[in-house]
Amino acid sequence: YNEYKSYLSKVMERGCCEKFAKVFLMVINIIIIIIGATILGVGVYWLTSDTGFYKEIFSHDIFNVPNISVAIGALLLLIGLSGFLGACCEVLILLKLYMVFLILILLAEVILAVGCVAMKSEIEAAARNNTLTIMEFYGDTTKDEKGIFTKTLDTFQESFECCGVDGPGDWSVAASAKFKQANGDQWVPDSCCTTVTDKCGEKDWRSASDIYTIGCAASMKNTISSNLLVFGIVTGAIIILQISILIMVSNLRTAIEDEKYLLG
């Protein structure tokens, strides 16, 4: 009997594909675990930190950033652990659970894509309203004590070469106390300047030639439109990777089941 089992072991010895699949799954899930733990940690910190004001701004009925960060981080951590332990320890139940997770993620991506298209106007409106709310506290140390809003808005405007949501005039409305002058002049943050220098925005943007006049909403749309091909390639690569992982998990699971059946 022992000789028969030894013979079967040699016959059922795994090839390069199965060995590669096991190592690849272990490596890719270590990365997923690290990413999941990082997102979870950031989400928990956000929920438990004293930055309650920021949580209020980024909280929304549909898109609540802190809670979503915790949920996504925990889910990625669970997926990564099930995939790593399933491949490393060859636990069939974990591999099956991992396959279910992958299938659900693919379905969720399809639902998310359809939802984004169907709720495009609602998402844009929510993003616009939240941005205008954040603009109210630009440079306000009583609200934005850590300067998170100010730095974020400055970085965004410099990166996309834009000013305000729909244009520079938004600043004199959203943050009128700081940017709307008594003589009627409408100032803007220095990050709205084509060449950023100290106090370069302290002039009426309507008569200035070195202030971006395009709003960040339009600039962002233009950037996305010009990079649709890259976005499509990256999205396609991610989907192909997910399907490849699903096939590898299925093959590894089948190999383990066959071995247990023949040697058991």
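In a loop (DSSP other than H, G, I, E, B) and of a type in the set (F, W, Y): which single residue out of F137, F84 fits that description?
Just one listed residue meets the conditions, F137.
So which residues in region 188-228 are closer than 16 Å to T152 by Cα, out of contact with any Phe, Trp or Tyr (no Cβ under 9 Å at 6 or more places or on another chain) and aliphatic (A, V, I, L, M), if there are any at all?
Residues satisfying the conditions are V196, A217.
If the requirement is being part of a helix (DSSP H, G or I) and loosely packed, with under 12 Cβ neighbours inside 10 Å, which of these qualifies: I233, I239, I256, I245?
Exactly one of I233, I239, I256, I245 is part of a helix (DSSP H, G or I) and loosely packed, with under 12 Cβ neighbours inside 10 Å, namely I233.
Please count how many residues of region 125-171 are loosely packed, with under 15 Cβ neighbours inside 10 Å and among the hydroxyl-bearing types (S, T, Y).
Residues that pass the stated criteria total 6.
How many of the residues making up region 195-208 are surrounded by fewer than 12 Cβ atoms within 10 Å (Cβ to Cβ) and assigned to a loop (DSSP other than H, G, I, E, B)?
Counting residues in region 195-208 that are surrounded by fewer than 12 Cβ atoms within 10 Å (Cβ to Cβ) and assigned to a loop (DSSP other than H, G, I, E, B) gives 4.
Considering only residues that are of a type outside the set (A, V, I, L, M, F, W, C) and in a loop (DSSP other than H, G, I, E, B), look in region 172-193 and name the one that is most open to solvent (accessible area, probe 1.4 Å).
Across region 172-193, the extreme among qualifying residues is N183.
Does M220 satisfy being closer than 28 Å to L106 by Cβ, open to solvent by 50 Å² or more (accessible area, probe 1.4 Å), of a type in the set (A, V, I, L, M, F, W, C) and in contact with a Cys (Cβ under 9 Å, 6 or more places away or on another chain)?
Criteria met by M220.
Being in contact with a strand residue (DSSP E or B) (Cβ under 7 Å, 6 or more places away or on another chain), not acidic (D, E) and not in a helix (DSSP H, G or I), is that true of even one residue in region 146-164?
yes
Suppose we filter G169, G201, G184, G164 for residues that are on the phi > 0 side of the Ramachandran plot and more than 28 Å from the chain's Cα centre (by Cα); which single one remains?
It is G184.
Which number in (1) farther than 30 Å from G83 by Cβ; (2) free of Cβ contacts under 8 Å to residues at least 12 places away in the same chain marks the one condition that K143 misses?
Every condition holds for K143 apart from (2).
Within region 85-103, work out how many residues are open to solvent by 50 Å² or more (accessible area, probe 1.4 Å) and modelled with pLDDT of 90 or more.
Total satisfying the criteria: 6.
The values are calculated or read from the model by the stated rules, or taken from the named source; none is laboratory data. Everything quoted here is computed from the prediction, not taken from an experiment. Cβ sites come from the backbone with ideal geometry, for glycine too, and all protein chains shown count toward neighbours. For accessibility, only protein heavy atoms count, side chains too; no ligands or nucleic acids. Shrake-Rupley method; radii C 1.70, N 1.55, O 1.52, S 1.80 Å.
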